[in-house]
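Working notes, structure below.
The values are calculated or read from the model by the stated rules, or taken from the named source; none is laboratory data. Keep in mind the model is a prediction, meaning the values are calculated, not measured. Cβ atoms come from the backbone with ideal geometry, glycine included; neighbour counts cover every protein chain shown.
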Amino acid sequence: MSFAFRRKPGSVSKPRRKRGVHRSKFETRFDATVKDILGVALGYETTILAYNTAPQKRRYTPDWTIKDGWYIETKGRLDTANRKKMLYIKEQHPAARILVLFQNSRDFIRKGSKTRYSDWCEKNQIEWCDIRDQDKWLLFIKEALTT
């Protein structure tokens, strides 16, 4: 007997996640830390930003919405698809401030590469910090709440 997830007969799409349920333990820990330190609950996946790639229109849902135009994206892994998406979002929503919060910014973008996540963000002028840089991401949140 297989214990793999099986869709109902005739079902075409993936089942929907419950609203407010985090996708990873990293997101859950980040949420708990923000609530403990600041006493503020950030909106989890509450905003959708539309963007276009050459053949089609797409949607991007930032992990955390501090307020309109201020977002935090928590990343354990920054794969090729996510890197492309971040560049499209940056180009098509220049007024949006998105802080990419890495679980480990010293990881390499792929095996054998000399480029780290932090290097890629610096090169593409994307705001980033490591989860260990608590002062930096707290300052970003406080700045958003006071402006």
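How about region 44-69: which of its residues are exposed (fewer than 14 other Cβ atoms within 10 Å of the Cβ) and farther than 22 Å from Thr147 by Cα?
The answer is Ala50, Asn52, Thr53, Ala54, Pro55, Gln56, Lys57, Arg58, Arg59, Thr61.
Name the one entry in Leu87, Leu101 that is surrounded by fewer than 16 Cβ atoms within 10 Å (Cβ to Cβ), modelled with pLDDT of 95 or more and not in a loop (DSSP other than H, G, I, E, B).
Going through Leu87, Leu101 in turn, the sole match is Leu87.
Picking from Ala4, Ala32, Ala41, which residue would you name as being of a type in the set (A, V, I, L, M, F, W, C), exposed (fewer than 13 other Cβ atoms within 10 Å of the Cβ), at pLDDT 90 or above and not in a strand (DSSP E or B)?
Answer to the selection: Ala32.
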